[in-house]
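Enquirer: Quick one: structure below, then a few questions.
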Amino acid sequence: MFPALLLLLTVVPFVELFLLLRVGQRLGAMPTLGLVIVTGVVGAALARAQGFAALARIQREMAAGQMPAGALLEGVLILVAAVLLITPGVLTDAVGLLLLIPPTRALVARGLTRWALRWFFGAEHR
(Lines give C-alpha, C1' and ligand atoms only; values in the text may rest on other atoms or scores of the structure.)
Protein backbone atom coordinates (compact mmCIF):
# COMPACT_ATOMS: atom_id res chain seq x y z
CA MET A 1 0.00 0.00 0.00
CA PHE A 2 2.80 2.42 0.88
CA PRO A 3 4.56 2.08 -2.51
CA ALA A 4 1.30 2.84 -4.34
CA LEU A 5 0.68 5.88 -2.16
CA LEU A 6 4.26 7.06 -2.64
CA LEU A 7 3.87 6.67 -6.40
CA LEU A 8 0.57 8.54 -6.35
CA LEU A 9 1.92 11.45 -4.31
CA THR A 10 5.28 11.86 -6.06
CA VAL A 11 5.25 10.55 -9.62
CA VAL A 12 1.76 11.65 -10.67
CA PRO A 13 2.35 15.36 -9.88
CA PHE A 14 5.60 15.31 -11.88
CA VAL A 15 3.88 13.65 -14.83
CA GLU A 16 1.07 16.20 -14.61
CA LEU A 17 3.52 19.09 -14.54
CA PHE A 18 5.43 17.65 -17.50
CA LEU A 19 2.22 17.18 -19.51
CA LEU A 20 0.91 20.64 -18.65
CA LEU A 21 4.19 22.20 -19.75
CA ARG A 22 4.15 20.21 -23.01
CA VAL A 23 0.55 21.13 -23.77
CA GLY A 24 1.34 24.73 -22.85
CA GLN A 25 4.23 24.76 -25.30
CA ARG A 26 1.98 23.46 -28.08
CA LEU A 27 -1.19 25.44 -27.41
CA GLY A 28 -0.01 28.41 -25.36
CA ALA A 29 -0.65 29.31 -21.73
CA MET A 30 -4.21 30.62 -22.01
CA PRO A 31 -5.62 27.80 -24.16
CA THR A 32 -4.02 25.28 -21.80
CA LEU A 33 -5.55 27.00 -18.79
CA GLY A 34 -8.88 27.10 -20.60
CA LEU A 35 -8.64 23.40 -21.41
CA VAL A 36 -8.04 22.52 -17.77
CA ILE A 37 -10.92 24.72 -16.61
CA VAL A 38 -13.36 23.47 -19.26
CA THR A 39 -12.60 19.79 -18.61
CA GLY A 40 -13.04 20.41 -14.89
CA VAL A 41 -16.38 22.18 -15.27
CA VAL A 42 -17.81 19.81 -17.91
CA GLY A 43 -16.52 16.77 -16.05
CA ALA A 44 -17.95 17.96 -12.74
CA ALA A 45 -21.36 18.50 -14.37
CA LEU A 46 -21.25 15.01 -15.92
CA ALA A 47 -20.11 13.47 -12.64
CA ARG A 48 -22.95 15.22 -10.79
CA ALA A 49 -25.58 13.94 -13.23
CA GLN A 50 -24.18 10.40 -13.25
CA GLY A 51 -23.78 10.48 -9.47
CA PHE A 52 -27.46 11.29 -9.02
CA ALA A 53 -28.35 8.47 -11.43
CA ALA A 54 -26.19 6.04 -9.44
CA LEU A 55 -27.80 7.21 -6.19
CA ALA A 56 -31.27 6.63 -7.66
CA ARG A 57 -30.20 3.13 -8.74
CA ILE A 58 -28.89 2.40 -5.23
CA GLN A 59 -32.19 3.53 -3.72
CA ARG A 60 -34.24 1.46 -6.20
CA GLU A 61 -32.21 -1.67 -5.50
CA MET A 62 -32.44 -1.19 -1.74
CA ALA A 63 -36.21 -0.61 -1.96
CA ALA A 64 -36.46 -3.88 -3.90
CA GLY A 65 -34.59 -5.68 -1.11
CA GLN A 66 -31.44 -6.19 -3.20
CA MET A 67 -27.87 -5.50 -2.18
CA PRO A 68 -26.72 -2.55 -4.35
CA ALA A 69 -23.08 -3.65 -4.56
CA GLY A 70 -22.68 -2.87 -8.27
CA ALA A 71 -24.40 0.48 -7.97
CA LEU A 72 -22.28 1.39 -4.93
CA LEU A 73 -19.07 0.56 -6.80
CA GLU A 74 -20.31 2.60 -9.75
CA GLY A 75 -21.01 5.51 -7.40
CA VAL A 76 -17.52 5.29 -5.91
CA LEU A 77 -15.96 5.29 -9.38
CA ILE A 78 -18.02 8.35 -10.33
CA LEU A 79 -16.80 10.06 -7.14
CA VAL A 80 -13.20 9.18 -8.03
CA ALA A 81 -13.80 10.59 -11.53
CA ALA A 82 -15.12 13.84 -10.04
CA VAL A 83 -12.09 14.20 -7.76
CA LEU A 84 -9.74 13.53 -10.68
CA LEU A 85 -11.54 16.11 -12.83
CA ILE A 86 -11.36 18.76 -10.11
CA THR A 87 -7.62 18.12 -9.75
CA PRO A 88 -5.83 20.33 -12.30
CA GLY A 89 -3.91 18.39 -14.89
CA VAL A 90 -4.05 16.60 -18.19
CA LEU A 91 -3.56 13.02 -17.00
CA THR A 92 -6.05 13.25 -14.13
CA ASP A 93 -8.63 14.86 -16.45
CA ALA A 94 -8.17 12.09 -19.02
CA VAL A 95 -8.57 9.33 -16.43
CA GLY A 96 -11.53 11.14 -14.85
CA LEU A 97 -13.28 11.51 -18.19
CA LEU A 98 -12.63 7.85 -19.02
CA LEU A 99 -14.27 6.85 -15.74
CA LEU A 100 -17.37 8.83 -16.72
CA ILE A 101 -17.84 6.71 -19.86
CA PRO A 102 -20.17 3.88 -18.72
CA PRO A 103 -18.45 1.02 -20.67
CA THR A 104 -15.03 2.08 -19.39
CA ARG A 105 -16.38 2.42 -15.86
CA ALA A 106 -17.93 -1.08 -16.13
CA LEU A 107 -14.59 -2.50 -17.27
CA VAL A 108 -12.78 -0.88 -14.33
CA ALA A 109 -15.50 -2.11 -11.94
CA ARG A 110 -15.10 -5.69 -13.20
CA GLY A 111 -11.34 -5.48 -12.76
CA LEU A 112 -11.66 -4.07 -9.24
CA THR A 113 -14.19 -6.77 -8.34
CA ARG A 114 -11.85 -9.53 -9.56
CA TRP A 115 -8.94 -7.97 -7.67
CA ALA A 116 -10.99 -7.67 -4.46
CA LEU A 117 -12.17 -11.28 -4.68
CA ARG A 118 -8.60 -12.51 -5.16
CA TRP A 119 -7.35 -10.28 -2.35
CA PHE A 120 -10.04 -11.35 0.12
CA PHE A 121 -10.48 -15.02 -0.78
CA GLY A 122 -7.25 -16.00 -2.49
CA ALA A 123 -6.34 -17.19 -5.97
CA GLU A 124 -9.12 -19.81 -6.17
CA HIS A 125 -11.76 -17.07 -6.88
CA ARG A 126 -10.99 -15.99 -10.44
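The values are calculated or read from the model by the stated rules, or taken from the named source; none is laboratory data. Owing to the predicted nature of the structure, the values given are computational and were not obtained by experimental measurement. Neighbour counts run over all protein chains shown; Cβ positions are idealised from the backbone, glycine included. Remember, those area values only see protein heavy atoms, side chains included, never the ligands or the DNA or RNA. Shrake-Rupley method; radii C 1.70, N 1.55, O 1.52, S 1.80 Å.
Enquirer: Using 0.36 nm per residue of separation minus the Cα-Cα distance, give me the extension gain between VAL11 and PHE121 in nm, one decimal.
Expert: 36.5 nm
Enquirer: With a probe of 1.4 Å, find how much accessible area the chain has per residue, and write the answer as a whole number in Å².
Expert: The answer is 70 Å² per residue.
Enquirer: Let me ask another. When the chain is fully extended, how far beyond the present Cα-Cα distance does ALA49 get from ILE101, taking 0.36 nm per residue of separation?
Expert: This chain segment gains 17.5 nm when fully extended.
Enquirer: Out of the total accessible area of the chain (probe 1.4 Å, heavy atoms of protein only), what percent is carbon and sulfur?
Expert: Its accessible area is 77 percent carbon and sulfur atoms.
Enquirer: What is the extension gain from ALA56 to ALA29, computed as 0.36 nm multiplied by their sequence separation minus the C-alpha to C-alpha distance, in nm to one decimal?
Expert: Contour length minus the Cα-Cα distance gives 5.7 nm.
Enquirer: Let me ask something else. Hey, could you get me the Stokes-Einstein D for the chain, Kirkwood radius over alpha-carbon pairs, 10 °C and 1.306 mPa s, rounded to whole µm² s⁻¹?
Expert: 97
Enquirer: Tell me what the chain gives for mean residue ellipticity at 222 nm when only DSSP H runs of n ≥ 4 count, each as -39,500 (n - 2.57), the sum divided by the residue total, rounded to 500 deg cm²/dmol.
Expert: -30000 deg cm²/dmol
Enquirer: List residues of segment 49-75, by number, whose backbone nitrogen lies under 12 Å from a label position 7 Å along Cα→C-beta of THR113.
Expert: Label zone hits: 68-74.
Enquirer: Here is a further query. Need the C-alpha centroid separation for segment 6-43 versus segment 51-111, integer Å.
Expert: Cα centres, segment 6-43 to segment 51-111: 23 Å.
Enquirer: If you don't mind, another one. Span-like helices, the chain: DSSP H, alpha-carbon axial extent 20 Å or more, mean Kyte-Doolittle 1.6 or greater, which ones?
Expert: TM-like helix candidates: 2-27, 69-86.
Enquirer: Projecting each Cα onto the charge dipole of the chain (Lys/Arg +1, Asp/Glu -1 at the beta carbon, about the Cα centre), which of ALA54, VAL15, THR104 comes out farthest on the positive side?
Expert: With unit charges placed on the Cβ atoms, the residue in question is THR104.
Enquirer: Dividing the alpha-carbon radius of gyration of segment 53-113 by 2.2 N^0.38 Å (N being the number of residues), what value is obtained?
Expert: For segment 53-113, the normalised Cα radius of gyration comes out at 1.21.
Enquirer: How high is the relative contact order of the chain, given as a whole-number percent (alpha carbon pairs under 8 Å, six or more residues apart)?
Expert: 24
Enquirer: Here's another thing I want to ask about it. Give me the dipole magnitude in Debye, nearest 20, for segment 24-126 about the Cα centre, with unit charges on the beta carbon: positive for Lys and Arg, negative for Asp and Glu.
Expert: It comes to approximately 160 debye.
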